[in-house]
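Presented below is the structure to which this report refers.
The values are calculated or read from the model by the stated rules, or taken from the named source; none is laboratory data. Since the model is a prediction, treat every value here as computed from it, not as a measurement. Using ideal geometry, Cβ is built from the backbone for each residue, glycine included, and neighbour counts are taken over all protein chains shown. These accessible areas exclude ligands, DNA and RNA; they are computed on the full protein's heavy atoms, side chains included. Shrake-Rupley method; radii C 1.70, N 1.55, O 1.52, S 1.80 Å.
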Amino acid sequence: MNDSRPIGVFDSGLGGLTVARELFRLMPNERIIYLGDTARVPYGGRSEETIRQYGLQDARVLMGMDIKLLIAACNTVSSVALDYLTRHIKEAPVIGVVQPGAKAAVLRTAERKVGVVGTRATIASSSYAKAIQAIDPDIKVYGKACPLFVPLVEEGFFRHDITRLTAQHYLYELMDLGIDCLVLGCTHYPLLMGVIQETVGTRIQLLDSALWTAKEAQDILTRFEALAPAGVDGLQESKFLVTDLTPHFETLARMLLGQNLPKIEKINLEELTEEIQK
Ligand code: DGL
């Protein structure tokens with residue numbers, strides 16, 4: 001059996017497109033409705049209450065569009081608000097990016113020492129440490145908030161000297177702790193993979209939560225016999241919605257998903273949320 005309904009993916013902004021990219025690579029027939037809350041990004045330095053509220057608003061907008069699976073692509077929302085979302089959303093399975101990244105770390109660490117980098121909210125929540133130690137309590141997990149990475153990515157400084165210096169500043173401390181895996185616990189960080197790998201050296205394996213989340217989504221859809229039928233060009237039939245649209249966003253989005261990305265549409269999240277709550 002197949003299910004041709006789309007997968008809903010949301011993020012605080014652009015970064016969740018790294019999850020969408022992995023979904024298309026793994027399941028090219030799947031249609032996605034992507035919502036990036038670009039008007040309110042970043043979420044990573046906000047209070048838990050605000051992150052929960054924004055996450056639920058994003059989720060509800062997508063739930064109103066008849067999706068078969070909801071993915072909170074934002075590590076910050078996944079860290080702080082996933083339980084809250086699953087309590088409020090009953091119409092479709094909801095997954096975040098933390099569990100898949102944590103499972104990958106447990107499988108890959110030989111030294112049983114894992115580093116995690118993310119936003120302030122993600123690291124303060126210890127979400128990855130809890131998820132990893134729920135599987136194997138003996139694994140040591142060291143977190144490091146890297147708040148400057150997100151603006152560097154948004155600026156397109158993927159291989160800039162400033163990015164190298166910033167990476168050294170954040171990561172040297174983690175390297176001294178003897179980790180052998182580093183989880184990129186933020187949607188934006190896969191875009192800095194090159195600089196981060198150069199900084200930590202090849203002895204430390206980088207784990208991209210986006211990739212592992214796409215695999216988890218594929219497993220769920222396979223289990224529920226809900227994969228899209230063959231013969232669909234998933235990317236071309238997908239929708240990309242943002243709460244604020246700038247030419248800069250379009251450029252970065254096309255760089256990530258290709259020049260043939262369908263038109264990006266601006267929506268008014270507040271109006272839509274009020275509509276849904278009526
Ligand atoms: N999407 C966020 C995350 O993965 C990064 C950007 C933000 O702070 O909103 O944590």
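Measuring nothing but how far apart in sequence close Cα pairs (under 8 Å, 6+ apart) lie, relative to its length, the chain scores a relative contact order of 28 percent.
Count charges around S127 for me, please; just the other residues with Cβ under 15 Å from its Cβ, Lys/Arg as +1, Asp/Glu as -1.
Values: positive: R52, K103, R120, K130, K144; negative: E48, D83.
Around S127, the surrounding residues sum to +3.
Within the straight-line cut-off of under 20 Å between alpha carbons, the lysines reachable from K113 are K103, K130, K140, K144, sequence neighbours fewer than 8 places apart in one chain being disregarded. How big is the gap, in Å, between the Cα center of the stretch 9-32 and the Cα center of the stretch 149-202? Computed from Cα coordinates, the inter-centre distance equals 22 Å.
Between Q236 and E271, the FRET efficiency from the beta-carbon distance, with R0 = 30 Å, is close to 0.60. Two numbers describe the Cα atoms of the chain: Rg and Dmax, which are 17.9, 54 Å. Computed extension length for R40-H248: 73.3 nm, one decimal, from 0.36 nm per residue of separation with the Cα-Cα distance subtracted. Summing Lys and Arg as +1 and Asp and Glu as -1 over all other residues whose Cβ lies under 14 Å from the Cβ of E91 gives a net charge of +3. Solvent-accessible surface (1.4 Å probe) assigned to D83 amounts to roughly 110 Å².
On the beta carbon distance between E49 and H169, with R0 = 51 Å, the FRET formula returns roughly 0.95. Here's how it looks for V242: its modeled amide H is under 5 Å from those of G36, E265, K266, I267, which are all 5 or more places away or on a different chain.
Kindly list the residues of the stretch 108-138 that lie in the label zone of D219, defined by a backbone N under 18 Å from the point 7 Å along the Cα-to-C-beta vector. Counting backbone N atoms under 18 Å from the label point, the list is 108-109, 128-137. Taken one residue at a time, the phi angles of the stretch 185-191 give Karplus couplings (6.51, -1.76, 1.60, θ = phi - 60°) of x, 7, 3, 7, 5, x, 6 Hz. Gly and Pro are set to x.
Simple spin-label model, 7 Å along Cα-to-Cβ: K113 to R203 in nm? Placing both labels 7 Å beyond Cα along the Cβ direction yields 0.9 nm.
Converting phi to 3J(HN,Hα) with the Karplus coefficients 6.51, -1.76 and 1.60 and the offset θ = phi - 60°, the stretch 5-13 yields 5, x, 8, x, 10, 10, 8, 5, x Hz in sequence order, with x at every glycine or proline.
Give me the net charge for the shell around E216: Cβ to Cβ below 12 angstrom, other residues only, Lys and Arg +1, Asp and Glu -1.
On the way: positive: K103, K215, R223; negative: E22, D219.
Local charge sum for E216: +1.
Sorted from longest to shortest, the spans of the Cα atoms of the stretch 137-228 along the three principal axes equal 47, 37, 22 Å.
The equivalent ellipsoid that matches the C-alpha gyration tensor of the stretch 31-128 spans semi-axes of 24, 17, 11 angstrom, in descending order.
Sorted on the mean count of surrounding Cβ atoms within 10 Å across their residues, most packed first, peptides 165-171, 263-269 read 165-171, 263-269.
In debye to the nearest 20, how big a dipole does the chain give about its Cα centre with +1 on each Lys and Arg Cβ and -1 on each Asp and Glu Cβ? Could the numbers behind the result be given before it?
Values: 29 positive and 34 negative charges, 84 e Å.
It comes to approximately 400 debye.
In this rough spin-label picture, where each label sits 7 Å from Cα along the Cβ direction, the D66-R120 distance is 4.3 nm.
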